[in-house]
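The values are calculated or read from the model by the stated rules, or taken from the named source; none is laboratory data. Fair warning: this is a prediction, and the values are worked out from it, not measured in the lab. For neighbour counting, all protein chains shown are included, and Cβ atoms are generated from backbone atoms with ideal geometry for every residue, glycine included. Note: areas computed on protein heavy atoms with side chains; ligands, DNA, RNA excluded. Shrake-Rupley method; radii C 1.70, N 1.55, O 1.52, S 1.80 Å.
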Amino acid sequence: MSLMENLFSRSPFTPLQTHMEKVAKCVNKLDDLYEAFVKNDSELLLKLTDEISDLEHSADLTKNDIRSNLPRGLFLAINRADLLQILSLQDSIADAAEDVAVIMTLKKIEPIKGLKAELKAFLDKNTGAVESVHQIIHELERLLQSSFGGAEAKRVKQMVNDVAFLEHEVDIMQRGILKKLYNMETKLDYASFNLWINIIQTVSSLSNLSEKLAYKISSLIETN
């Protein structure tokens, strides 16, 4: 029996949690990446980008392993389509983290004076949303044990609301940062300005995808 088949034999959620652990490792590296960027350490920036890319690839391999070993025609606590949708959303978060790292290495850009603290807070809020949905994925076993009901379901629903609130806060922060950035248009060359817009939008996709993943878990509670 392969490792993945062994995991599925314990619970359909164990492989998802294994994959999400890898996704979280990928996202957590963004904090180091931003620090390297602020310190103008180009060598470390490239090294961390490679590490994030390797972690994303590792998550991809696990995703493919899960898809290949997902039992057919056997009873699962959730249906196959739901499980694959959760897996796909988790995978998209790792993809977004890799995209942020790659975009930040496309051109040497300087930290923007007056926006350093806001950009760090913006990144923290987005990675916080990923960490929050990571905790929700951890709760799947308990949800299964409680048949997706009772106090545990209520607790997870509150966690889902917390992720949605983080995403709302990210939207507000993004609006403020973009407003300042557009008012700096004449101080930045076009390529740098365009790159910053891409970085901000890709970073914000971390919380958007986290919210979608959280809502997917919420829908499981509603339908079970």
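See the values below:
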item: Leading residue by the ranking (surrounded by the fewest Cβ atoms within 10 Å (Cβ to Cβ)) among those in region 185-205 that are of a type in the set (A, V, I, L, M) and touching a Lys or Arg at 6+ places or on another chain (Cβ under 9 Å); result: Ala191
item: Search result, residues across region 11-54 that are under 22 Å from Asn69 (Cβ atoms) and aromatic (Phe, Trp, Tyr); result: Phe13
item: Glu167 vs. criteria at pLDDT below 95, assigned to a helix (DSSP H, G or I) and under 21 Å from the mean Cα position of the chain (by Cα); result: no
item: Residue list for region 210-224, filter: open to solvent by 30 Å² or more (accessible area, probe 1.4 Å) and touching a Leu at 6+ places or on another chain (Cβ under 6 Å); result: Lys212
item: Some residue of region 179-192 being part of a helix (DSSP H, G or I), touching a helix residue (DSSP H, G or I) at 6+ places or on another chain (Cβ under 7 Å) and modelled with pLDDT under 95; result: yes
item: Qualifying positions in region 123-163 - outside any helix (DSSP H, G or I) and either surrounded by 20 or more Cβ atoms within 10 Å (Cβ to Cβ) or in contact with a Leu (Cβ under 7 Å, 6 or more places away or on another chain) (or both); result: Phe148
item: Count - residues of region 47-64 that are closer than 19 Å to Ile86 by Cβ and either open to solvent by 20 Å² or more (accessible area, probe 1.4 Å) or touching a Leu at 6+ places or on another chain (Cβ under 7 Å) (or both); result: 5
item: Residue check, Thr105 under 30 Å from Tyr190 (Cβ atoms), open to solvent by 10 Å² or more (accessible area, probe 1.4 Å), at pLDDT 95 or above and assigned to a loop (DSSP other than H, G, I, E, B); result: yes
item: Qualifying residues in region 8-30 (those that are at pLDDT below 95 and either out of contact with any Ser or Thr (no Cβ under 9 Å at 6 or more places or on another chain) or farther than 19 Å from Leu220 by Cβ (or both)) - the one most open to solvent (accessible area, probe 1.4 Å); result: Arg10
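Listed here are the residues, each with its yes/no results for (1) touching a residue at least 40 places away in the same chain (Cβ under 8 Å); (2) at positive phi; (3) of a type outside the set (D, E, K, R).
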position: Lys107; (1), (2), (3): yes, no, no
position: Ile112; (1), (2), (3): yes, no, yes
position: Glu118; (1), (2), (3): yes, no, no
position: Glu131; (1), (2), (3): yes, no, no
position: Leu144; (1), (2), (3): yes, no, yes
position: Ala151; (1), (2), (3): no, no, yes
position: Arg155; (1), (2), (3): no, no, no
position: Asp162; (1), (2), (3): no, no, no
position: Leu166; (1), (2), (3): yes, no, yes
